[in-house]
Amino acid sequence: MLSNKLSKFNIILASNSPRRQQLLKDLDLSFEIRTKEVEEIYPNELLGIEITDFLANLKSKPFENELKENDLLITSDTIVWFDNKALGKPKNYKEAFKMLKELSNNTHQVITSICFTSKKKKHIINDATTVTFKKLTDEEINYYINTYKPFDKAGAYGIQEWIGKIGITQIEGSYFNVMGFPVHKLYKELINL
């Protein structure tokens with residue numbers, strides 16, 4: 001359905017995330033993956049959604065001068081927002097353990113922004129999902145990090161993985177947003193193009 005509507009567009013997903021790639025595939029869309037290295041640094045005064053909006057836009061900038069008439073670039077960023085700070089991707093085991101320990105027995109927000117860029121226009125949408133973890137034991141945290149190596153995930157966890165299945169007690173909002181794309185909003189945006 002969507003693929004017919006978007007047949008005149010060349011959709012480019014600028015993401016190495018296998019989860020984002022799969023979620024876009026699940027919409028039955030044809031797209032290409034094109035990535036460029038971007039240093040994900042944002043101004044300190046930004047909070048929550050401002051951070052992901054800024055970073056999703058920042059990731060689109062290296063492509064701007066090379067987009068053709070029918071290109072539609074999709075860039076995105078996800079953070080875990082907890083205790084008034086952004087938890088990005090952990091650099092190592094110690095950082096991953098610290099993040100999961102903080103999220104244990106607490107509620108946090110997962111915020112994703114998506115930036116749509118064409119030759120003539122740019123548009124950013126976002127979504128936030130509230131997630132609550134049970135009290136995780138050190139043994140559970142160690143097992144998860146050692147087994148699943150969540151170093152490419154904001155907040156050091158994947159909701160679809162073991163830790164999500166045994167640890168998440170409540171979710172308010174889009175499950176897929178926590179995976180990396182609020183698919184319902186992405187679909188709405190694309191259908192309205």
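Before moving on, here are some points about what is shown:
- Selected residue (only one of 47, 55, 72 is part of a helix (DSSP H, G or I) and either farther than 18 Å from residue 151 by Cα or free of Cβ contacts under 8 Å to residues at least 60 places away in the same chain (or both)): 55
- Residue check for residue 56: closer than 25 Å to residue 1 by Cβ, within 15 Å of the chain's Cα centre (by Cα), surrounded by 14 or more Cβ atoms within 10 Å (Cβ to Cβ) and at pLDDT 95 or above: no
- Residue under evaluation residue 89, criteria (1) outside any helix (DSSP H, G or I); (2) over 22 Å from residue 50 (Cβ atoms); (3) basic (Lys, Arg); (4) out of contact with any Ser or Thr (no Cβ under 6 Å at 6 or more places or on another chain), criterion not met: (2)
- Complete set of residues in segment 139-169 that are under 19 Å from residue 181 (Cβ atoms), without any contact (Cβ under 8 Å) to a residue 24 or more places away in the chain and part of a loop (DSSP other than H, G, I, E, B): 161
- Selection within segment 38-62 - touching a Leu at 6+ places or on another chain (Cβ under 7 Å) and of a type in the set (Gly, Ala, Ser): 60
- Filter result for residue 125 (among the hydrophobic types (A, V, I, L, M, F, W, C) and surrounded by fewer than 18 Cβ atoms within 10 Å (Cβ to Cβ)): yes
- Scan segment 10-39 for residues that are assigned to a loop (DSSP other than H, G, I, E, B), of a type in the set (D, E, K, R), at negative phi and free of Cβ contacts under 8 Å to residues at least 60 places away in the same chain and the total you get is 4.
- Hits in segment 137-161 (condition: at pLDDT 95 or above, hydrophobic (A, V, I, L, M, F, W, C) and closer than 18 Å to residue 106 by Cα): 141, 156, 159
- Every listed requirement among (1) closer than 15 Å to residue 117 by Cα; (2) modelled with pLDDT of 95 or more; (3) out of contact with any Asp or Glu (no Cβ under 7 Å at 6 or more places or on another chain); (4) not basic (Lys, Arg) is met by residue 65 save one, (2).
The values are calculated or read from the model by the stated rules, or taken from the named source; none is laboratory data. Just so it is clear, the structure is predicted and the values come from calculations on it, not from any experiment. Backbone-built Cβ (ideal geometry, glycine too); neighbour counts: all protein chains shown.
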